[in-house]
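Engineer: The structure is given below, and queries will be raised subsequently.
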Amino acid sequence: MSLNIRVIAPDGLIWDTIADEVILPSLTGQLGLLKGHAPLITALEIGILRIKVNLSWTPIIVLGGFAVIKNDEVIVLISGVEKMEKQDYSEAKELLAKATKNLDLAKTTKEKIDASQEMKIASSRLQAFQF
């Protein structure tokens, strides 16, 4: 039971492997994919793309994009990827607190949009520690 998954960003191929399961951060919520999934095109939110290979999950923080699922092949085209750094959990919590404060202080529409994006990325970093 496997899926071929390729994750492609503007600067090149990020991931290309055979996976047992994939969980996408779609705009409508988490979307789990297994072998035999129905064909689908879905938009992706800023969040964590999870890939399961040999009973081990790998999280990738994606900055939005699209996924195409067909014939047990998953092609993920993303706007960008956030590097998973070896920061500690408390640092990730601080970044989320700062992003939340920036969102509260935002006044203009642009500031609110930018702060909202910053908060989604910070939240995804914190969630990535679960995997």
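The values are calculated or read from the model by the stated rules, or taken from the named source; none is laboratory data. Treat the numbers as computed from the prediction; the structure is a model and nothing was measured. Don't worry about glycine lacking a Cβ; one is built from the backbone with ideal geometry, like all the others, and counts go over all protein chains shown. What goes into the accessible areas is simple: the full protein's heavy atoms, side chains included, and nothing from ligands, DNA or RNA. Shrake-Rupley method; radii C 1.70, N 1.55, O 1.52, S 1.80 Å.
Engineer: Given the residues Glu94, Glu73, which is the only one that is on the phi < 0 side of the Ramachandran plot, assigned by the TED database to the domain that holds Met119 and not hydroxyl-bearing (Ser, Thr, Tyr)? Can you show your working first?
Structural biologist: On the way: Glu73 fails: assigned by the TED database to the domain that holds Met119.
Of Glu94, Glu73, the one residue that is on the phi < 0 side of the Ramachandran plot, assigned by the TED database to the domain that holds Met119 and not hydroxyl-bearing (Ser, Thr, Tyr) is Glu94.
Engineer: Is there a residue in the stretch 112-121 that is open to solvent by less than 40 Å² (accessible area, probe 1.4 Å) and under 21 Å from Val7 (Cα atoms)?
Structural biologist: Yes - at least one qualifying residue is present in the stretch 112-121.
Engineer: Any residue in the stretch 14-38 that is within 13 Å of Ser2 (Cα to Cα) sitting within a Cβ distance under 7 Å of a residue that is polar (S, T, N, Q) and open to solvent by less than 60 Å² (accessible area, probe 1.4 Å)? List the pairs, counting only those 6 or more apart or interchain.
Structural biologist: Cβ pairs passing all conditions: Ile18/Ser2; Ile18/Asn4; Ala19/Ser2; Asp20/Ser2; Lys35/Ser2.
Engineer: Residue by residue through the stretch 64-80, note down the ones that are more than 17 Å from Ala128 (Cβ to Cβ) and either in contact with a helix residue (DSSP H, G or I) (Cβ under 8 Å, 6 or more places away or on another chain) or not in a strand (DSSP E or B) (or both).
Structural biologist: Step one: list which residues in the stretch 64-80 are more than 17 Å from Ala128 (Cβ to Cβ), which gives 65-75, 77, 79.
Asn71, Asp72, Ser79, listed by residue number.
Engineer: Quick one: which of Thr100, Thr58, Thr109 is among the hydroxyl-bearing types (Ser, Thr, Tyr) and under 16 Å from Val7 (Cβ atoms)?
Structural biologist: On the way: Thr100 fails: under 16 Å from Val7 (Cβ atoms); Thr109 fails: under 16 Å from Val7 (Cβ atoms).
Answer to the check: Thr58.
Engineer: Filter the stretch 41-90 down to the residues that are modelled with pLDDT under 95 and surrounded by fewer than 13 Cβ atoms within 10 Å (Cβ to Cβ) and list them by number.
Structural biologist: Across the stretch 41-90, the qualifying residues are Asn54, Leu55, Ser56, Lys83, Glu85, Lys86, Gln87, Asp88, Tyr89, Ser90.
Engineer: In addition: Which numbered condition trips up Arg6, out of (1) over 22 Å from Gln127 (Cβ atoms); (2) in contact with a strand residue (DSSP E or B) (Cβ under 7 Å, 6 or more places away or on another chain); (3) open to solvent by less than 30 Å² (accessible area, probe 1.4 Å)?
Structural biologist: Every condition holds for Arg6 apart from (3).
Engineer: Separate question: Inside the stretch 27-40, can you point out the residues that are surrounded by 10 or more Cβ atoms within 10 Å (Cβ to Cβ) and either assigned to a loop (DSSP other than H, G, I, E, B) or in contact with a Cys (Cβ under 7 Å, 6 or more places away or on another chain) (or both)?
Structural biologist: Correct list: Leu27, Leu34, Lys35, His37.
Engineer: Please pick out the residue among Ile61, Ile18 that is β-branched (Val, Ile, Thr), in contact with a helix residue (DSSP H, G or I) (Cβ under 7 Å, 6 or more places away or on another chain) and not in a loop (DSSP other than H, G, I, E, B). Lay out the reasoning, then the answer.
Structural biologist: Numbers: Ile18 fails: in contact with a helix residue (DSSP H, G or I) (Cβ under 7 Å, 6 or more places away or on another chain).
Testing whether each residue is β-branched (Val, Ile, Thr), in contact with a helix residue (DSSP H, G or I) (Cβ under 7 Å, 6 or more places away or on another chain) and not in a loop (DSSP other than H, G, I, E, B) leaves just Ile61.
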